[in-house]
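The values are calculated or read from the model by the stated rules, or taken from the named source; none is laboratory data. Since this is a predicted model, take the numbers as computed values, not measurements. Here the Cβ positions follow ideal geometry from the backbone for every residue, glycine too, while neighbour counts run over all protein chains shown. Ligands, DNA and RNA are excluded from the accessible area calculation, which covers all protein heavy atoms including side chains. Shrake-Rupley method; radii C 1.70, N 1.55, O 1.52, S 1.80 Å.
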Amino acid sequence: MKIGRTVPVALFFLFACGIAVLCADEARETSAITVHTDGVTKFQLRSTDRLPDAAGEARVERRGGMTNIEVHLDSMKPASLFGGDYNTYVLWIVPPRGPAENAGEFQLDGNRSSLRASTEAGTFALLVTAEPHYLVTIPSPFLVLENPSQPGARMVRYQPIEGVYNFERSSLADVKSARGKVHTEVRQAFTAVRLAQRAQAARFAPDALREAQQALDQTLDLWHRRVDRSEIAAQAHATVRLALTAQHLAEDRAFQARLEVEGLGGGSGEPGRRVPRDQ
């Protein structure tokens, strides 16, 4: 994930939620692992109170300036059981400098899932969080697994988003597991559009929101017609991408509008132009 979204999004939520409710939580600190050149390291992931029965194993290998990562999860439960906006799990790579990087989505088959990723970093933390959809750019506070802490290990910091996502339960400790393939693509598409609406896309990015809503309608049409799952997933993923574009555009324009109201906008009259955006 690119760095350009982190500061504008965090500041937008601070403005949107007001002084009384701090949406961007204090930065969290976690232990990192260091992978030596041409070395292979295996370790068990540590579960949290969010999903205490979860288990995970990671294999990391440093080769040719890249670190290849394999993560296998077991005893998982669908993230949708948290309720509200949560639908899936995402792997995060947190380097010593810079924001957490979205390394991919875990798609559950029953209570298991596997994922491969890579990074240029040789020192980093691994986190697994519950998320609304697969394209999130900042970790949620719902951390379910992380790499173990070791004496003398380097510590890294990352910034989650607090107070933004709705949920019905904060832990899945007493919730039953699912069976078979867990399909969350349509739910992710719904949630992505809902998050864009919450970001005031209807006001600040109406055309982009309309395009995302039309894509959602197409997703639902495919789902109602019970076409091939791969076709539904592809359309749902396209919906998430369009909704995220609308959300980011609305956040940038709302943030810029607030700066102009405060007399800090520079007076160009073009909201969003001075806020860094992903390319």
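Show me 99-112, 152-165 ranked by packing, highest mean number of other Cβ atoms within 10 Å first.
Taking the mean over residues of other Cβ atoms within 10 Å, the ranking is 99-112, 152-165.
What is the range 186-239 by shape, rounded, prolate or oblate, if you read a ≥ b ≥ c off the alpha carbon gyration tensor as root eigenvalues and call it rounded for a/c under 1.5, prolate for a/b larger than b/c, and oblate otherwise?
prolate
Can you tell which of L249, L51, L222 shows the greatest fluctuation in a Gaussian network model of the chain with Cα springs below 10 Å?
L222
Could you work out how much longer the chain between V261 and A178 gets when fully extended? Use 0.36 nm per residue separation minus the Cα distance between them, nm to one decimal.
My answer for the length gained is 24.9 nm.
Can you spot the aspartates and glutamates whose alpha carbon is less than 14 Å from K42's alpha carbon? Ignore those fewer than 8 places along the same chain.
E57, E61, E70, E146
On alpha carbon coordinates alone, what is the Rg over Rh value for the range 119-158, Rh being the Kirkwood radius?
Result for the range 119-158 is an Rg/Rh of 0.99.
If the viscosity is 0.692 mPa s and the temperature 37 °C, what Stokes-Einstein diffusion coefficient in µm²/s follows for the range 55-142 when Rh is the Kirkwood radius over Cα pairs?
245 µm²/s
Among rounded, prolate and oblate, which fits the range 84-198 when a ≥ b ≥ c are the square roots of the eigenvalues of its C-alpha gyration tensor, a/c under 1.5 means rounded, and a/b larger than b/c means prolate?
In terms of gyration-tensor shape, prolate.
Give me the aspartates and glutamates in straight-line cross-link reach of K181: C-alpha distance below 17 Å, same-chain residues under 8 apart excluded.
Counting by Cα, and skipping residues close in sequence, K181 has these aspartates and glutamates nearby: D74, E105, D109, D228, E231.
Viscosity 1.306 mPa s, temperature 10 °C: Stokes-Einstein D of the range 135-174 from its Kirkwood Cα radius, in µm² per second?
So the translational diffusion coefficient is about 123 µm²/s.
Please report the carbon-and-sulfur percent of the accessible area for the chain; probe 1.4 Å, protein heavy atoms only, DNA, RNA and ligands left out.
Accessible surface attributable to carbon and sulfur in the chain totals 48 percent.
Which percent of Cα pairs goes in each bin when the distances of the chain are cut into 5 angstrom slices starting at zero?
Reading the bins upward from 0: 1, 6, 12, 15, 18, 16, 14, 10, 6, 3, 1, 0.
Rounded, prolate or oblate: pick one for the range 131-203, where a ≥ b ≥ c are the square roots of the eigenvalues of its C-alpha gyration tensor, a/c under 1.5 means rounded, and failing that, prolate if a/b is larger than b/c, else oblate.
oblate
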